[in-house]
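As structure tokens, the structure follows; a few thoughts come after it.
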Amino acid sequence: SLLTVCVMHISSGAPAASDSTILPFLSVAMASLSEEVLLVVKRVRQRKQDGTLYLMAERLAWGPEGKDRFTVSHLYADIRCQKISPDGKAKIQLQLVLHTGESTTFHFANESTALKDRDVAKELLQQLLPKFKKKANKELEEKNRMLQEDPVLFQLYKDLVVSQVISAEEFWANRLSLNSVEHSLSNNNKQEVGISAAFLADIRPQTDGCNGLRYNLTTDIIESIFRTYPTVKQKYAENVPHNMTEKEFWTRFFQSHYFHRDRINTGLQDIFSECAKEDEKGLKSMVTQGVKNPMVDLLSLEDKTLDEGYGTATVPTTSNSSNKSLRENSNSAIIKRFNHHSAMVLAAGLLFFFYVQQERHQILTSLFVAFQVKLQEAIEYDDLQGDSGRKTISLNLKKSDRYSHGPIPLQSQHYSTSQDIINSISIIQHEMRSYKPRLTQVMSSSAASSAITALSPGGVLMQGGGQQTINQLVPTDVQSELKHLYTAAGELLRHFWSCFPISTPFLEEKVVKMKSNLEKFQVMKLRPFQEKIQRQYLSTNLTGHLEEMLQAAYNKFQAWQTRRMMRKT
Amino acid sequence: MDEEPERAKRWEGGYERTWEVLKEDESGSLKATVEDILFQAKRKRVFEGHGQVRLGMMRHLFVIIDSSRSMEDQDLKPNRLTSTLKLMEFFVEEYFDQNPISQIGIITTKNKRAEKLTDLAGNPKKHLAALKKAVDSTCVGEPSLYNSLNCVALPSGTDIKEILVIFSSLTTCDPANIYELIKTLNALKIRVSVIGLSAEVRVCTILTRETGGSYNVILDESHFKELLMLHVKPPPASSSSECSLIRMGFPQHVIASMSDQDAKPSFSMLHLDSTGEPGLTLGGYYCPQCRAKYTELPVECKVCGLTLVSAPHLARSFHHLFPLEAFQETPLEEYEGERFCETCQGELKDKCVFTCLACKKVFCVECDLFIHDTLHCCPGCMQTDRTS
């Protein structure tokens, strides 16, 4: 039989290669795990050998007849596309083209069922391949992209990984988890998108001058069409790219009566005529299902008119279709179409909502709650009620006057209260009022002018503005190299400090490793830099601060180690 | 003339049943009564904001700005998007002024998706730069409330406590049931407030009502500014949040000069990426835990994660916890003193005068609002302290 779904244990001798570099490569991994088998096809030949084709959850494999090992195995993620031999050819074949360019051909040799076998396999692959396409290369692509986009990161990578201070895994371990959070926001692919109710209207055809219309389709609109009308999606999958190009498909779509208002089934051999029939079926089933909400009475929404402007009256509805005028017929066709469209848009969005709520009693309780809520809303009106105000918690402060004066310092400092300052100001004010110049007791003019010079900008006592000179003393290439060292050291230190407080053995190991990484960094990167600048006769201590930071980390490590040993003894 | 006793009645009679009060003037415009209502709401806030309430001071606020097609509308000049971004710049500055130890993040939503404009950060510069750049972005498609709220709620759910949505469109295109998301937000105790630019939208009403936020729709640009500024004040803490001790570092500013023996020039950890910044400097703030250097506070240490602040930053938020007492209101006719406002020295012409209970000085309406909203201390009291 063809469609057996069973779980099989697969084992093989090929070792699994590991992802250790950022270069893309082909993975030839065969894990010894149990993988779900989705399809088994017998009598499939590969390279003139008879065998069996297996389609599993993550890979495709083929083993020769009689042996229980696989000679061919490809992950779906590695397969770029599949090709089938055209109809009418004697040999019924399926070819897989991999990302590396290699191709593998399978020949379906069962006389009676070859075509069916091949088509079933092809369709299953068609569903599975897109799922895996993005996964495998995504991580490598992501890493590559991050390195290309951010030169600082690239430099950091060079400084740390290429010079073997830390391993690539450690480098990416924290990075990816940080950035994947951010990228889930900026990576639009990951966001589920709703379907705008007016998406067909957004297509906005433009006349192209010679009696034709141009339709602009974006991927969003195409996705909306596929999600709302799954039959169109199916038609697309069946016909593109084998029978027609994408452009042809969409041209035919817009030309077909399916799309246009007058959906009269002319019986043309339109690929979309099936879609119309499917839609009819879908609509009928929705109508028979009815609405489960007792609060909604759809039947009261019929059109009942007496005459223009004369109110409503119940008119016996003529359900006899022959009595309806042509205009009524086309009106009802449009109304039916709109209703169907709205129903499909809602259904596409709320699919999983329905799946979740399939328990009958759940539906009943939720309806009951909805009923109560609706009644409540009908008899009460929020705006009329007073503002209930938010419940607030009162502040419970002991000694709140401490907040006005600030904390008492632990060291005994001479601390002037604000009252002292006020007193001293009033004393000075008093002295100023009764000031009498005593010119015999002033400083000499030379002493006064030297004091003023010292206190002017640039003077001896005003050396705060020293940063200008630093930047000029140190050459720019030395500065930029120092910056790189700072970035690298910052990264390592960040990993180090993130281990504290140390609560698990994993963190213990990590902190020991990070400490040794810091020491490696000091030896391999910092020392050579120090020696280099010494040779350049730069007198300023450029690496002093970095060493201070590293020393702070070592001290912390020391303290932790001593505490740990004291706890053990 | 006969409107005056009516107005006095409204002032004293409380603030309910405002629809009864809506009267048209001769030309059929409701403008005067609407302005009156707004003014009374402002006064009500002054009365209500009274002290001894536990507040959430270390705020994490996300602002979601609608960038859909409706933001190209020109009812706010030059168009809604430009006006909103300009007001947002002002808001960000005020926010960091009043809440120095808080953080803000900005998200935009258009074309059924949400995009992050800036990360949650405590430094206003990045946000201001991003807002200035965003003026050139196109407004297209429909916004998605679900996607933007989901973006915020997902990654760092426990930190974010507030979301402010500036919503201009009348529709939202969501991939799933937004009521489920509202339940999730409630579970994470996130408070969502909305400022509408077009009209009241039911889903926003439910969203704000369920999460305990506020929903307002703007009348014009100055009202928009007022509504935005309402969110600068720290909100009352929700009932279930516990007090926790937060570790902070208080680095001293170190100034060194080249003549010092052990002068160590160093880079600030935040200036490593930029090429234009000064670069090597001698002084700065050194983190007490890991000795990394920074040139400005408050900042979160990039290396060890410690929050570094200076004491005045914390003290700046005190006026929220210990607000100035409301002044006593007396009608002008009953007041028997000098007819001059203490602060602006203008003649007292309003209906009421306000007296500080401590120093007994009088103020006019505008000065009273200014004192309570901006100054947070009574000028009369400060003077009397000095001369005693």
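In this structure, does B:Glu24 turn out to be surrounded by fewer than 15 Cβ atoms within 10 Å (Cβ to Cβ), modelled with pLDDT of 90 or more, farther than 21 Å from B:Arg191 by Cβ and out of contact with any strand residue (DSSP E or B) (no Cβ under 6 Å at 6 or more places or on another chain)? Considered against the rule, which asks whether it is surrounded by fewer than 15 Cβ atoms within 10 Å (Cβ to Cβ), modelled with pLDDT of 90 or more, farther than 21 Å from B:Arg191 by Cβ and out of contact with any strand residue (DSSP E or B) (no Cβ under 6 Å at 6 or more places or on another chain), B:Glu24 comes out as no. Annotation note: Cβ proximity below 8 Å between a residue of the stretch B:292-317 that is more than 10 Å from chain A (Cβ to nearest Cβ) and a residue that is part of a helix (DSSP H, G or I) and crowded, with 16+ Cβ neighbours inside 10 Å (sequence gap 6+ or interchain) occurs for B:Leu297/B:His313; B:Pro298/B:His313; B:Arg316/B:Gln98; B:Ser317/B:Gln98. Every listed requirement among (1) in contact with a Leu (Cβ under 9 Å, 6 or more places away or on another chain); (2) modelled with pLDDT of 90 or more; (3) among the aliphatic types (A, V, I, L, M); (4) under 25 Å from B:Leu219 (Cβ atoms) is met by B:Leu81 save one, (1). Checked against (1) surrounded by fewer than 16 Cβ atoms within 10 Å (Cβ to Cβ); (2) more than 20 Å from B:Gly56 (Cβ to Cβ); (3) more than 10 Å from chain A (Cβ to nearest Cβ), B:Ala187 meets all criteria but (2).
Within the stretch B:67-113, the set of residues being surrounded by fewer than 19 Cβ atoms within 10 Å (Cβ to Cβ) and either closer than 26 Å to B:Cys173 by Cβ or of a type outside the set (Asp, Glu) (or both) comprises B:Arg69, B:Glu72, B:Asp73, B:Gln74, B:Asp75, B:Lys77, B:Pro78, B:Asn79, B:Thr82, B:Lys86, B:Phe90, B:Gln98.
Okay, residues lined up against (1) more than 28 Å from the chain's Cα centre (by Cα); (2) at pLDDT below 75; (3) on the phi > 0 side of the Ramachandran plot:
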{"position": "A:Ala173", "(1), (2), (3)": "no, yes, no"}
{"position": "A:Asn187", "(1), (2), (3)": "no, yes, no"}
{"position": "A:Lys190", "(1), (2), (3)": "no, yes, no"}
{"position": "A:Ala198", "(1), (2), (3)": "no, yes, no"}
{"position": "A:Ala201", "(1), (2), (3)": "yes, yes, no"}
{"position": "A:Arg204", "(1), (2), (3)": "yes, yes, yes"}
{"position": "A:Glu223", "(1), (2), (3)": "no, no, no"}
{"position": "A:Gln234", "(1), (2), (3)": "no, no, no"}
{"position": "A:Thr245", "(1), (2), (3)": "yes, no, no"}
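Results for (1) hydrophobic (A, V, I, L, M, F, W, C); (2) not in a loop (DSSP other than H, G, I, E, B), shown as yes or no for each residue.
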residue: B:Lys264; (1), (2): no, no
residue: B:Leu270; (1), (2): yes, no
residue: B:Gln289; (1), (2): no, no
residue: B:Val303; (1), (2): yes, no
residue: B:Pro312; (1), (2): no, yes
residue: B:Glu333; (1), (2): no, yes
residue: B:Gly337; (1), (2): no, no
residue: B:Thr343; (1), (2): no, no
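Being away from every other protein chain (no Cβ under 14 Å), surrounded by fewer than 21 Cβ atoms within 10 Å (Cβ to Cβ), basic (Lys, Arg) and under 30 Å from B:His271 (Cβ atoms) holds for only one residue in B:Lys133, B:Lys116, and it is B:Lys133.
Condition first: farther than 30 Å from A:Ser516 by Cα, modelled with pLDDT under 80 and either more than 14 Å from every other protein chain (Cβ to nearest Cβ) or part of a helix (DSSP H, G or I) (or both). Can you find one or more residues in the stretch A:444-454 that meet it? No: zero hits. Just one of the numbered conditions (1) within 18 Å of A:Leu125 (Cβ to Cβ); (2) part of a loop (DSSP other than H, G, I, E, B); (3) among the hydroxyl-bearing types (Ser, Thr, Tyr) is not true of A:Thr104: (2). Entry remark, the stretch B:332-388: residues being surrounded by 17 or more Cβ atoms within 10 Å (Cβ to Cβ) and basic (Lys, Arg) number 1 in total.
Applying the set (1) more than 14 Å from chain B (Cβ to nearest Cβ); (2) at pLDDT 75 or above to A:Phe154 leaves exactly one unmet item: (1).
From the list A:Leu493, A:Leu546, the one residue that fits, being within 9 Å of chain B (Cβ to nearest Cβ), under 35 Å from the mean Cα position of the chain (by Cα) and at pLDDT 85 or above, is A:Leu493.
The values are calculated or read from the model by the stated rules, or taken from the named source; none is laboratory data. Worth saying up front: this structure is predicted, and the values here are computed from it rather than measured. Because the Cβ atoms are built from the backbone with ideal geometry, glycine has one as well, and the counts that use them run over all protein chains shown.
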